[in-house]
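Since every read-out is calculated from the coordinates, none of them should be taken as a lab result. Remember, it's a predicted structure, so these values are computed and weren't measured experimentally. Cβ: placed from backbone, ideal geometry, glycine included. Neighbour counts: every protein chain shown.
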Amino acid sequence: MILLNKKPIVTEQFPNGETKVKDFDNLISADNLIQFTYQEDGDLIKLLFVKKRLDEDRVKCRLIISYMPYSRMDRKIEGDLFTLRYVSEFINSLKFDKVYVIEPHSAKTIELLGNSEAIYPALDWLPQVMQRLGFSEQDRVVFPDKGAAARYEGAGYEDCCVFDKTRNPQTGRIENMFLKKGDVPEGAKCIIVDDLCSAGGTFLGAAQILKEMGASQIYLLVTHCERRVLSGKLLNEDSPLEKIFTSTSMMNEVHPKIEYITINIEDYV
């Protein structure tokens, strides 16, 4: 999905599958802002069409990427394609005046994207969620792995908990998970914070350990949440997780354990 100056780009498909962009010219301004939400690879060709049309008028254009596509493939793996690099090169070729990425999966995204800046709304949401849940000194902010800790730990949560984990290199499955830093007081409320939730295996494992250590309520705060979470065990009735707080960058399905938080773009650009 693409918004230009907060208005959706209207597209249709010709019988052979080609994209037709409709009613476009009245959306253009002197300083344009494109909000790009990846849903399928075809969205990248639509982005190309929109930017090329704006180039014809020689107007300014900034890009906000709700979730950077292919950001999991952020390194060269023998035999596999380094697709994040290729997608980044494609976006760079469009020559936006500025590129904002909401919660990149790793620093590699910003390294590969020219003239780019990362936005971390979860850091703004976290104090609000803590206040709403009535956090006290005995409650804990939890980072599920060292990547999340490196991303957020500098925000000043000194009594945080940090997990470590090992995965099977062939299957990708988590083989071991343990609390590396911090403690969980009996009856503590915990908020697990990270950038992305897929099926939710990491968060389910962390939540189960936190429960065994005495946590009373466990919540998850992630900027991006894939639809795959709906078919996993994280949202089951017997799950130790109370609720997920997330944005609509990847899904907007209604579920009693999911609460969506709006990203106010004006706060960041």
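Below, the figures for the structure above:
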{"item": "Dipole axis of the chain (+1 Lys, Arg; -1 Asp, Glu on Cβ), positive-most option in Val21, Gly156, Leu112", "result": "Val21"}
{"item": "C-alpha long axis of helix 201-212 to longest principal axis of the chain, angle in °", "result": "20"}
{"item": "Mean Cα-pair separation over length for the range 121-267, i.e. relative contact order, pairs under 8 Å, 6 or more apart, %", "result": "19"}
{"item": "Listed residue (His224, Ser136, Leu234) projecting farthest to the positive dipole end of the chain, Cβ model", "result": "His224"}
{"item": "Dipole magnitude (debye, nearest 20) for the chain, charges at Cβ of Lys, Arg, Asp, Glu", "result": "480"}
{"item": "Point-to-point label distance, Asp41-Lys146, nm (Cα→Cβ direction, 7 Å offset)", "result": "3.4"}
{"item": "Cα→Cβ-extended label distance, 7 Å offset, between Asn176 and Ser93, nm", "result": "4.5"}
{"item": "Order by protection proxy (mean Cβ within 10 Å, highest first), peptides 217-229, 79-91, 200-212", "result": "217-229, 200-212, 79-91"}
{"item": "Degrees between helix 42-57 axis and first principal axis of the chain (Cα, 0 to 90, nearest 10)", "result": "50"}
{"item": "Relative contact order computed over the range 84-142 (Cα-Cα under 8 Å; 6+ residues apart), in percent", "result": "29"}
{"item": "Size of charge dipole - the range 121-267 - debye, nearest 20, with Cβ of Lys, Arg +1 and Asp, Glu -1, no other charges", "result": "500"}
{"item": "Packing-based ranking, highest mean first, of 182-188, 51-57, 120-126 given that Cβ atoms within 10 Å are counted", "result": "120-126, 182-188, 51-57"}
{"item": "The chain, relative contact order in percent, only Cα pairs under 8 angstrom and at least six apart counted", "result": "11"}
{"item": "For the chain, built as a Gaussian network whose Cα springs stay under 10 Å, the top-fluctuating residue of Ala118, Ala30, Ala215", "result": "Ala30"}
{"item": "10 °C / 1.306 mPa s Stokes-Einstein diffusion coefficient of the chain, Kirkwood radius on C-alpha pairs, µm²/s", "result": "79"}
{"item": "Dipole magnitude of the range 22-127, debye to nearest 20 (Cβ charges: Lys/Arg +1, Asp/Glu -1, about Cα centre)", "result": "200"}
{"item": "Beta bridges by DSSP in the range 121-267, antiparallel share as percent, to the nearest 5", "result": "25"}
